[in-house]
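Beneath this line is the structure, given in C-alpha cells, with notes to follow.
Read-outs throughout are calculated quantities, based only on the coordinates presented, and are distinct from any laboratory measurement. What you see is a predicted model, and the numbers here were worked out from it, not measured in a lab. Here the Cβ positions follow ideal geometry from the backbone for every residue, glycine too, while neighbour counts run over all protein chains shown.
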C-alpha cells in the first residue's frame, strides 16, 4: 500500500472514530436488511482468541424488538438485577469521574437537573425500550470461554459500531440489558452455554433530539499509555 493510500485509510478511520457517538434517540423507520447484513458481515472480521469467534448475535427487528422492550420494561422495575457476567465492583477515582461526567452531560442535554431522580429514572428506563430503535442486536458469549470470550465480544461490539457508522447506521451499546439477563435469556430461549453480554440498538438517528447533541470526552494518550523503551 502506498503512503498516500495509507494516509487515506488512516484519515477514514479517524473520521469514523470522531463521528461515532452513542445514539439515544432513533427514528422509527427500519434499516434495510441488506445494510444490516453488510454491517454484520464486517463485524464478523473481528479478531478473537485463537479465532474462536465466541460471539453469538440475535438481531431483533420490528415487532420482535417491541416484544422484548415490553418484556424488559415490565420486568426491570419489579425484579432485582441478574447478570450472567460479574458486574463492576465499583467505580473509584478517575473511573468514577469519567462516568459521572458522561451522565451529567446527558442529563444537561435533556434539561434534567442532577437532583431530579424521577426524570433520571425515566431516562434510564429508555434503555429497555432501546431508545426507540427498530433493531437490537443481543450479543452473547460462550460460557466455557469465560473472561477471554467476553473480551472477544467487546472487540466484536467495537467493530460493529464502526461498521454501522460507516454504513450510515446509528447505534448505541447497552450494558443495561445485561442486568436483566434472566428476562433476556427466557425471552430468547437461550441455551445454558450462552451468556448475555450486552445489546446494541441500531437504526436511524433522530437528528433533532437533544440526547444526540452531546459528546463524551476521551482521556489523552499519555494518561493511559506507559511507553517503555
GNM top mover of 180, 69, 89 - the chain, alpha-carbon springs below 10 Å: 89
Most mobile listed residue (91, 128, 156) in the chain, GNM with C-alpha springs under 10 Å: 91
Per-residue Cβ neighbour rank within 10 angstrom, fewest leading, 30, 223: 223, 30
Over 32 Å [Cα-Cα, the chain], rounded percent: 21
Which of 125, 179 has the fewest Cβ neighbours within 10 Å, and the rest in rising order: 125, 179
Gyration tensor (Cα) of segment 160-229, equivalent ellipsoid semi-axes in angstrom: 29, 22, 12
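Looking at the chain, what % of its DSSP beta bridges pair antiparallel, to the nearest 5?
90
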Residue of 164, 150, 41 that the Gaussian network model of the chain assigns the largest fluctuation, springs spanning Cα pairs under 10 Å: 41
Evaluated over segment 51-137, the Cα radius of gyration and Dmax, each in Å: 16.0, 47
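Expressed as a rounded percentage, what relative contact order does the chain have, with Cα pairs under 8 Å and six or more residues apart?
Value for the chain: 37 percent.
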Ratio Rg/Rh [Cα only; Rh per Kirkwood] for segment 1-112: 1.02
Projected-area average for segment 100-179 over all orientations - Cα convex hull basis, square nanometres: 6.7
Sequence of 217, 46, 78 once ranked by neighbouring C-beta atoms within 10 Å, starting from the fewest: 78, 217, 46
